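K.L.:
Sending over a structure as structure tokens; questions will come in a sec.
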Amino acid sequence: MADQYGVTDKGATMRLGLWPCRLGSGTLAERLYNSGSVDERHRHRYEVNNAYRDQLSRCGLVFCGVSRIRA
């Protein structure tokens, strides 16, 4: 938001700008966006430890959007 540029005291969770998100092939998110990637602004404290991604996927969790390249 334009009025937030220049604000330096943003707290621990405030993020400005858009972040790239790669959408999973064949997912509802990909169909709704009609694209394999989107740029989104998000503010949350939820994330998944990448050490558990394979195990979670095997148990049925679908990672329909990933905003960081897997380490």
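K.L.:
Looking only at the range 37-61, count how many residues are at pLDDT below 95, surrounded by 10 or more Cβ atoms within 10 Å (Cβ to Cβ) and either aliphatic (A, V, I, L, M) or part of a loop (DSSP other than H, G, I, E, B) (or both).
P.N.:
So the answer is 5.
K.L.:
Pull up the range 3-36, narrow it to residues that are in a helix (DSSP H, G or I) and modelled with pLDDT of 70 or more, then point me to the one that is farthest from the chain's Cα centre (by Cα).
P.N.:
For the range 3-36, the residue satisfying everything is Asp3.
K.L.:
Also, I was wondering about something else. May I ask you to list the residues in the range 23-36 that are surrounded by 13 or more Cβ atoms within 10 Å (Cβ to Cβ) and of a type in the set (Ser, Thr, Tyr)?
P.N.:
Thr27, Tyr33
The values are calculated or read from the model by the stated rules, or taken from the named source; none is laboratory data. Keep in mind it's a predicted model, so treat the numbers as computed, not measured. Reconstructed Cβ throughout: ideal geometry from the backbone, glycine too, with neighbour counts over all protein chains shown.
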